[in-house]
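Read the structure below first, then the notes.
Readers should treat all values here as calculations from the given coordinates under stated rules, not as data from a laboratory. As the structure is a computational prediction, the values presented were derived from the model and not from experiment. Cβ: placed from backbone, ideal geometry, glycine included. Neighbour counts: every protein chain shown.
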Amino acid sequence: MSTERTPTDAPTPEKATAPVNDLAHTGEPADSAEIARVRTLTEQLRCLVCQNQTIADSNAGLAIDLREQVVKQVRSGRTDTEIKQYMVERYGDFVLYDPPFSTINSVLWIGPFVLLAIGLLLVWRSVIRRHRSVDAPSQPSAEQRAQLQVLEARYQASTPSASTPPASTSKDSAQRRTR
Amino acid sequence: MMRWVRLGLPLLIFTLLVIVLARGLEFDPRHLPSARQGKPAPRFEVPTLGSDQVFSTESMLGKVWVINVFASWCTACVIEHPKLLKLSKRSDFNLIGLAYKDEPAATAQWLRQHGDPYQQIALDLNGQIGIDYGVYGVPETYVINPQGVITYRHVGPINDAFFDQHVAPLLAANP
C-alpha cells in the first residue's frame, strides 16, 4: 500500500565475497546425530530475508550465514535452547516458527478460543430459545389475552340476553362448537 | 431498542474490522521490530578501511554515534548516500560506517565514486557483526547513546526526518 516502501538489499551468495567462516565446510566428517540436530534446528528458524522460508530451505546470503552459525554452535556443544536464544536475542521472536506466548501475541493465541466461546454461547442461546417456543406453541401472550378479554367483554355488553354461546375468537371454543 | 442492537452491532463489528484490516494493509511485513533496540550495542573491535587503525565500540562510549551498515553491492545504499553525505557535515555526532560482507577494495572504490561520509569504516568481512546486531538487510542504521545503548534502528535508506527524530533528541539530552 505504502509508496514509501524502500528497498533493502540482502546479501546474495555470489555477492558475498568475504571469506565465509569455513568451520561448516571443513573436511571433518559430521556424524549423523549432528546433522539431524542441525536439520531440526534450522527448520524451526525463519529466514528473515525471504520470510516464508526456513533457514534450512533458503539460499539467501543471510540464511546461509545463519545455517553456518547453527552448525558452528552445534559443534561447540551448545544446547538447542541456547542456539534459539542466540537467534531470538538478535532477530526477535519472529525468527522462531513457533513463537512463545507473550503479552504482545497473547491476542493471537487466545483470540480464536474467545471467538469460539462467543460462537458456542450464541448457538446455545438460540437453541434454548427455539426449545421454549416448541414447548409452548399456542400460548397467547399477555397482550393477546388482554385483547381477548376486551373483545369478550364488548360482545357480552352488546348482547346481554343472548342465549346462544358467543362465537368466540378462541380456538378452543370454536373447535368445541364444531364437534 | 432490541432491533437497533441487532442491526447496529454487526455493523459496528464490521466497521471495526474494516478499520483494523485497513491499518494492517499499511504495515510493511518486512519491517520487523528490532530485538536489539533498547539493549546495549554488541561490542566489537575490527580493522578499519584504508588505515591500520582498529575501530572499537569502547572508544565510542560517552558519545552519541550512528553506525550505518552499507556495502558496495547494495543498490539501495546509493539512494541513501546523499543524505549521509549531508549529515557528515555536522560535527556534533559520530557517523561510523560498517562495510558489511564486502571486499575492502570494492568498498573503497564505491566510496571514491559516491563520496565518503564516514569518520571511520569498520570492516565486517564475514558478516558476524551484522548477525550480532540483527542486520537482515542493507542498508540499516543504528543510533547509539553515550551509555552504549541502541536507541533506534532503521531498516532501509534513512529518510529526511531521521536526524531530527532520532539523533537530535539524544544530542539535546547529552550536551
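Here are a few things to note about the model shown:
- Distant-in-sequence amide H partners of B:Lys39 (H built 1.01 Å from N, under 5 Å): B:Ile150
- A convex hull fitted around the alpha carbon atoms of segment B:80-130 yields 75 Å³ per residue.
- Span per principal axis, largest first, for the Cα atoms of segment B:34-136 (Å): 35, 31, 30
- Spin-label model distance (nm) - B:Thr15 vs A:Arg75, 7 Å beyond Cα toward Cβ: 6.2
- Which listed pairs, of A:Lys84/B:Lys86; A:Lys72/B:Lys39; A:Lys72/B:Lys63, have C-alpha distances above 29 Å, in listed order: A:Lys84/B:Lys86; A:Lys72/B:Lys63
- Of the residues B:Ala161, B:Thr151, B:Ser72, the one whose Cα sits farthest toward the positive end of the charge dipole of segment B:37-173, with +1 on the Cβ of Lys and Arg and -1 on the Cβ of Asp and Glu, is B:Ala161.
- Residue order, fewest to most beta carbons within 10 Å, for A:Asp98, A:Asp80: A:Asp98, A:Asp80
- Alpha-carbon centroid distance for the pair segment B:9-51 / segment B:83-138, whole angstrom: 23
- Among the residues of B:133-140, the average count of other protein chain beta-carbon atoms within 10 Å of the residue beta-carbon is 6.
- Of the DSSP H helices in chain B, those whose Cα atoms cover at least 24 Å axially and whose Kyte score averages 1.0 or more: B:2-26
- For the pair segment A:115-131 / segment A:51-98, the C-alpha centres are spaced 46 Å from each other.
- Taking a Cβ cut-off of under 12 Å around B:Leu98, the surrounding Lys, Arg, Asp and Glu residues balance to a net charge of -3, with basic ones at +1 and acidic ones at -1.
- In segment A:22-95, inverting the average of 1/r over every pair of distinct C-alpha atoms gives 12.4 Å as the Kirkwood radius.
- Each Cα pair under 8 Å and six or more residues apart adds its separation to the average, and for chain B the resulting relative contact order is 28 percent.
- Antiparallel %, DSSP beta bridges [both residues in segment B:37-173], to 5: 60
- Counts of other chain beta carbons within 10 angstrom of each beta carbon in peptide A:52-64 average 1.
- Normalising the average separation of contacting C-alpha pairs (under 8 angstrom, six or more residues apart) by the number of residues puts the relative contact order of segment B:68-128 at 42 percent.
- Segment A:22-95 - percent relative contact order, Cα under 8 Å, separation 6 or more: 27
- Computed packing ranks the peptides A:64-75, B:41-52, A:111-122 as A:64-75, B:41-52, A:111-122, most packed first, by mean other Cβ atoms within 10 Å.
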